[in-house]
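The values are calculated or read from the model by the stated rules, or taken from the named source; none is laboratory data. Source: prediction; values computed, not measured. Cβ placement follows ideal geometry from the backbone for every residue including glycine, while neighbour counts extend to all protein chains displayed. Side chains are part of the model used for accessible areas, which takes the heavy atoms of the whole protein and leaves out ligands, DNA and RNA. Shrake-Rupley method; radii C 1.70, N 1.55, O 1.52, S 1.80 Å.
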Amino acid sequence: MTEKITLAHGAGGKISADLLHEVILPNFDNEILNELHDGAKIGKLAMTTDSYVVRPIFFRGGNIGKLSICGTVNDLAVTGAVPKYISVGLILEEGFAISDLQKILASMSEAAKESGVKIVTGDTKVVGKGQADGIFINTAGIGALIDGVDISAKKICAGMQVIISGYVGDHATTILGERHGLELPPNIKSDCAPLNKLVCEILAAEPKIAMLRDVTRGGMAAVLNEIAAASNYEIVIDESKIPVREEVRGVCEILGFDVLELANEGKIIAIVPKNSAEKILDVMRQNIYGKDAQIIGEVTANRVGRVGLKTKIGSVRIVDTPIGNLVPRIC
């Protein structure tokens with residue numbers, strides 16, 4: 001651990017995990033928190049909280065407001081819950097334009113309506129000029145757990161299939177483009193979207209889905225490593241089956257990024273029984289947010305808690321948890 005906080009501590013990679021396990025968790029140790037899912041299961045309810053500091057606050061495909069609602073909804077959905085209620089805390093910097101605030105709030109309202117959730121409470125604080133970066137948003141969400149569903153890494157077993165709900169890397173590539181003035185084609189935009197209805201549809205088709213995670217900070221590399229470590233199984237994914245737009249792949253090649261480490265804001269990974277995988281894939285593809293879903297790998301019988309990537313040339317390389325952050329303040 002370093003002696004001071006760096007941007008890498010908020011990246012969702014290994015440095016973030018070190019901060020969580022060595023500094024934060026020892027102060028709040030309890031059986032609910034120690035599940036370390038995207039939300040906590042409390043009786044028949046699920047609860048989650050998140051904060052949003054993305055820069056720039058407006059980007060192709062969304063803005064910080066839409067992102068905050070979709071992110072909260074998705075965190076609840078992947079615990080196996082139906083999102084119901086959200087709180088919103090606004091931290092505004094002196095001088096922030098009211099017109100921009102109105103646009104952000106309108107997008108939050110629209111995302112909440114699409115998700116079927118209600119924003120029921122909140123708070124607003126203002127800090128001095130130069131003491132923030134325009135606007136930060138904190139949310140908390142509550143949902144009702146679906147009967148008969150138990151989303152947990154402990155349910156993972158050998159032979160299960162790994163599904164991704166669509167193209168990866170679009171969100172991080174969009175933020176990079178907006179931040180650095182890159183000219184990207186119009187089809188590259190943030191994938192920011194509420195996934196709760198998609199999740200409900202696949203859980204209705206197969207309640208015995210073992211694991212669901214939304215693929216945000218740290219990308220597929222971070223999320224799959226967290227799942228592998230929690231389940232103590234090896235997960236092997238096939239590079240040729242991972243849906244990546246050629247434009248995103250091109251940006252990664254030019255800038256030296258690994259697409260597996262790029263953040264997404266509208267994608268889920270599902271680990272499902274092998275005999276249900278094709279059925280779940282068909283259900284996903286009937287939803288607009290899952291139309292490009294693919295089976296990309298499987299859980300092996302090796303009890304080693306790691307992630308492997310079968311490359312296009314036939315070799316297998318280990319996929320490590322990202323150390324820091326390729327793109328800080330991505331969400």
Please specify each residue of the stretch 1-26 satisfying the condition of being closer than 20 Å to Leu224 by Cβ and in a loop (DSSP other than H, G, I, E, B). Ala11, Gly12, Gly13
Yes or no: the stretch 85-94 includes at least one residue that is open to solvent by less than 40 Å² (accessible area, probe 1.4 Å) and either among the charged types (D, E, K, R) or under 18 Å from Val199 (Cα atoms) (or both). yes
Among the numbered criteria (1) within 16 Å of the chain's Cα centre (by Cα); (2) under 16 Å from Ser107 (Cα atoms), which one does Gly89 miss? (1)
Across (1) buried (at least 21 other Cβ atoms within 10 Å of the Cβ); (2) at pLDDT 95 or above; (3) hydrophobic (A, V, I, L, M, F, W, C), Cys331 clears everything bar (2)
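Among the residues of the stretch 299-325, write down those that are open to solvent by 80 Å² or more (accessible area, probe 1.4 Å) and touching a residue at least 60 places away in the same chain (Cβ under 8 Å). Steps first, please.
Within the stretch 299-325, the first condition is being open to solvent by 80 Å² or more (accessible area, probe 1.4 Å), and the residues that meet it are 303, 306, 310, 312-313, 316-318, 320, 323.
Matches in the stretch 299-325: Arg303, Arg306, Lys310, Lys312, Val316, Asp320, Ile323.
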Which ones in the stretch 35-63 are surrounded by 19 or more Cβ atoms within 10 Å (Cβ to Cβ) and free of Cβ contacts under 8 Å to residues at least 60 places away in the same chain? Asn63
Restricting to the stretch 1-33, name every residue that is of a type in the set (D, E, K, R) and either touching a helix residue (DSSP H, G or I) at 6+ places or on another chain (Cβ under 7 Å) or open to solvent by 60 Å² or more (accessible area, probe 1.4 Å) (or both). Glu3, Lys4, Lys14, Glu22, Asp29, Glu31
Could you tell me whether Thr72 is under 24 Å from Val327 (Cα atoms) and within 19 Å of the chain's Cα centre (by Cα)? yes
The one condition Lys66 fails out of (1) outside any helix (DSSP H, G or I); (2) among the charged types (D, E, K, R); (3) open to solvent by less than 70 Å² (accessible area, probe 1.4 Å) is (1)
Residues of the stretch 179-208 being buried (at least 19 other Cβ atoms within 10 Å of the Cβ) and closer than 18 Å to Val53 by Cα, in sequence order, are Ser190, Asp191, Cys192, Ala193
Over the stretch 226-247, the set of residues within 30 Å of Leu184 (Cα to Cα) and either in contact with a helix residue (DSSP H, G or I) (Cβ under 6 Å, 6 or more places away or on another chain) or open to solvent by 10 Å² or more (accessible area, probe 1.4 Å) (or both) is Asp238, Glu239, Ser240, Lys241, Ile242, Pro243, Val244, Arg245, Glu246, Glu247
Hey, can you tell me all the residues within the stretch 27-57 that are over 30 Å from Glu93 (Cβ atoms), at pLDDT 90 or above and part of a helix (DSSP H, G or I)? Leu33
In the stretch 252-286, how many residues are open to solvent by less than 20 Å² (accessible area, probe 1.4 Å) and either farther than 19 Å from Thr321 by Cα or among the hydrophobic types (A, V, I, L, M, F, W, C) (or both)? 15
Long-range neighbours under 6 Å by Cβ, at least six apart or interchain, first residue part of a loop (DSSP other than H, G, I, E, B) within the stretch 142-168, second open to solvent by 70 Å² or more (accessible area, probe 1.4 Å): Ala158/Ala301; Gly159/Lys274
